[in-house]
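Notes follow the structure.
The values are calculated or read from the model by the stated rules, or taken from the named source; none is laboratory data. Bear in mind the structure is a predicted one, so any value in this text is a computation, not a measurement. Please note: Cβ atoms are built from the backbone with ideal geometry, for glycine as well, and neighbour counts cover all protein chains shown. With ligands, DNA and RNA removed, areas are computed over all heavy atoms of the protein, side chains included. Shrake-Rupley method; radii C 1.70, N 1.55, O 1.52, S 1.80 Å.
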Amino acid sequence: MRRFFSIRSGGMAMALVSLLAAAPLAAKDIYVSPESGESSATPDGSRAAPFPGIASALRSGRVSVGDRVVLRAGHYGTVNVAAVNFPEPIDILPEEPGRVHADKIIVRQASGLRFKGIAVWPRETGQKQGNLVTTFADTDNIHFEGLDIRGRADAPEGYLSWSKSDWLSLEANGARLEGTRNSISDSRVTGVIFGITTLGDGAEVRRNRVIGFGGDAMRGLGNGSVFADNLVRDCVKISKNHDDGFQSWATKKDESGRKVVRDLLIERNVIMEWLGPADHPLRCVLQGIGLFDGVYENFTIRNNLVAVSAWHGIALYAGDKSRIVNNTVVHPSGGPAELPWIMLGKRKNGPEKGTTLVRNNVSMAYRGMTGATRHNVLAKFPATVFADPGRLDFRPKAGSALINSGDPAAAPRLDLTGHPRDNRPDMGALEMR
């Protein structure tokens, strides 16, 4: 018999055995059923004998990096996951898309988890719910993708018909993410008070839709976080909260004793105060991107479309080493107005106000800076510069002052929609096609 190789020493044989032992095992699916569903006396994670509940599967010792935790259809109640740690995220996802529901998801003392495609809303109504998705400060590398988060089951089709008492009785918030490197993406958050709040460093909030909310749509308080490609719309007025599309404030002290938030990227977000019926009794007056209680250091705010009727379209108080570039800040009526504005302000309890580059923006007004219109466009009469502002089409109008007049050194490579900018970029968030 022909030999393709031979092992001539015990050392080589041992090396081969070690190599084979180190080879990764094939990834596998670990099955889970709702705790209240049918269960096996000896669950092993197979389809025939699934583990009862997500936590029991993750603590079973059967789950390894590369495996998937697959959820059988049904209601999982309040999902509590604690004291499980994986070096890379384990996917936790439905066996059948759209068939898995939880009342809440709570994660603590954990790392390396990714929840995908789960519907989350409270089945019991008439009581205050708090946060529907929560990660605590002792978590790391926890991710949520494609979630359907609702303050109430009927939120997507019903929030416009809710009364003020309906909103106040449920008082549900979407996601509150503490811990480090946590994220939420490609999710829909509907009919809540506060939409998405991140407190830990390195958070990412991408491609979400926060629709119908009664507080702030997004909040980011940790350092090194990203809020990108999100849609915010339809704010309702139900309390004395000054409602914001995005808000931050400084909570952590640096080495010099200052409270400061650092290194945030806020880009390609669309913040629309209202797209519902014009005469709705709960329609709010929304602030856009409100950064009032700085210091804010190394913030980048670019390619955002903000259509709100409060004064503050983009307001940066005590910003330093920051950039506000190629944003479009307009009144939602699409008509002439004195507001909203882009504003640079001083620190509330002191004179501190650092350096911020403001370039290539289009806004109804500017405050707190000199010579703003040398590098930005004042658009008190939107019909002169936008394609069809009455229908919320804020692309540059052919022949307007927006075309080819931006500073190429400051402009992002792509616009709000991902369309490339050329070496003569347009003003605002959108390039003319």
Part-to-part distance (alpha-carbon centres) for region 76-100 and region 123-174, which is given in Å
18
What FRET efficiency, computed as 1/(1 + (r/R0)^6) with R0 = 30 Å and r the Cβ-Cβ distance, is obtained for Thr373 and His419, rounded to the nearest 0.05?
0.75
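When you count, for each residue, the other Cβ atoms within 10 Å and take the mean per peptide, how do 358-364, 373-379 rank with the highest first? Before the final figure, lay out each step's value.
Working: 358-364: 26.0, 373-379: 18.1.
In descending order of packing, they fall as 358-364, 373-379.
Write down the accessible area per residue of region 86-236 in Å², having rolled a 1.4 Å probe over the full set of protein chains.
It amounts to 33 Å² per residue over region 86-236.
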Using only the alpha-carbon atoms of region 131-242 as identical scatterers, what base-10 log of I(q)/I(0) does the Debye formula give at q = 0.17, 0.21, 0.23 Å⁻¹?
-0.73, -1.05, -1.21
Whole-Hz ³J(HN,Hα) for each residue in region 243-250, computed from phi via Karplus 6.51 cos²θ - 1.76 cosθ + 1.60 with θ = phi - 60°, x for glycine and proline: what do you get?
6, 10, x, 9, 9, 9, 7, 7
Please list the radius of gyration and Dmax for region 259-307, considering alpha-carbon atoms only, with Å as the unit.
14.2, 42
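Tell me the mean residue ellipticity at 222 nm calculated for the chain from its helices only (DSSP H runs of n ≥ 4, each -39500 (n - 2.57), averaged over every residue, nearest 500).
Result for the chain: -1500 deg cm²/dmol, rounded to the nearest 500.
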Quick one: helix 10-22 against the long Cα principal axis of the chain, what's the angle to the nearest 10°, folded into 0 to 90?
50
Counting as exposed only GluC sites (Glu not before Pro) in DSSP loop states with no more than 11 other Cβ atoms inside 10 Å, the longest exposed-site-free span of the chain is 125-254
Roll a 1.4 Å probe over the protein heavy atoms and report the accessible area of Ser64 in Å², nearest 10.
60
Relative to the compact-globule scaling 2.2 N^0.38 Å, provide the ratio for the alpha-carbon radius of gyration of region 106-175.
1.24
In whole percent, the Cα-Cα distances of region 337-391 spread across 5 Å bins from 0 upward as 4, 18, 25, 20, 14, 10, 5, 4, 1
Restricting things to alpha carbons, find the Rg to Rh ratio for region 32-119 using the Kirkwood radius for Rh.
0.92
The orientation-averaged projected area of the Cα convex hull of region 257-362, in nm², is 7.4
Using only the heavy atoms of the protein chains and a 1.4 Å probe, how would Phe194, Phe292 rank by accessible area, largest first?
Phe194, Phe292
If contacts are Cα pairs under 8 angstrom and at least 6 residues apart, what is the relative contact order of the chain in percent?
7
Relative to the Cα centre, what is the charge dipole magnitude of the chain, using +1 at the beta carbon of each Lys and Arg, -1 at the beta carbon of each Asp and Glu, and rounding to the nearest 20 debye?
820
Label-point separation (nm) for Lys346 and Ala73, each offset 7 Å from Cα along Cα-to-Cβ?
6.4
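Can you give the alpha-carbon Rg of region 278-340 over 2.2 N^0.38 Å, where N counts its residues?
Numbers: Rg = 13.2 Å, N = 63, 2.2 N^0.38 = 10.6 Å.
Taking N as the residue count of region 278-340, the ratio is 1.24.
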Largest first, please: the extent of the C-alpha atoms of region 200-284 along each principal axis, to the nearest Å.
51, 28, 14
Inter-part gap, Cα centre of region 193-213 to Cα centre of region 233-253, in whole angstrom, is 12
Taking mean projected area of the Cα convex hull in nm² as the quantity of interest, determine which of (i) 26.7; (ii) 29.6; (iii) 19.5 was computed from the displayed structure.
(ii)
Please list, or write none, the lysines whose alpha carbon is within less than 19 Å of the alpha carbon of Lys253, excluding same-chain residues fewer than 8 places away.
Lys321, Lys346, Lys348, Lys353
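Jot down the per residue volume, in cubic angstrom and as a whole number, of the convex hull over the alpha-carbon atoms of region 307-401.
Per-residue hull volume (Cα only) is 81 Å³.
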Anchor Lys128: lysines whose Cα lies under 27 Å away (excluding residues fewer than 8 positions away in-chain)
Lys104, Lys116, Lys164, Lys237, Lys240
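Using only Cα atoms, what is the ratio of the radius of gyration of region 80-145 to 2.2 N^0.38 Å?
Scaled against compact globular proteins, the figure is 1.16.
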Dividing the convex hull volume of the Cα atoms of region 159-225 by its residue count, what figure in Å³ per residue is obtained?
65
Where the centre of each part is set by its Cα atoms, how far does region 369-391 sit from region 305-336, in angstrom?
12
Give me the number: length gained by fully extending Ser165 to Arg62, i.e. 0.36 nm times residue separation minus the C-alpha to C-alpha distance, one decimal in nm.
32.4 nm
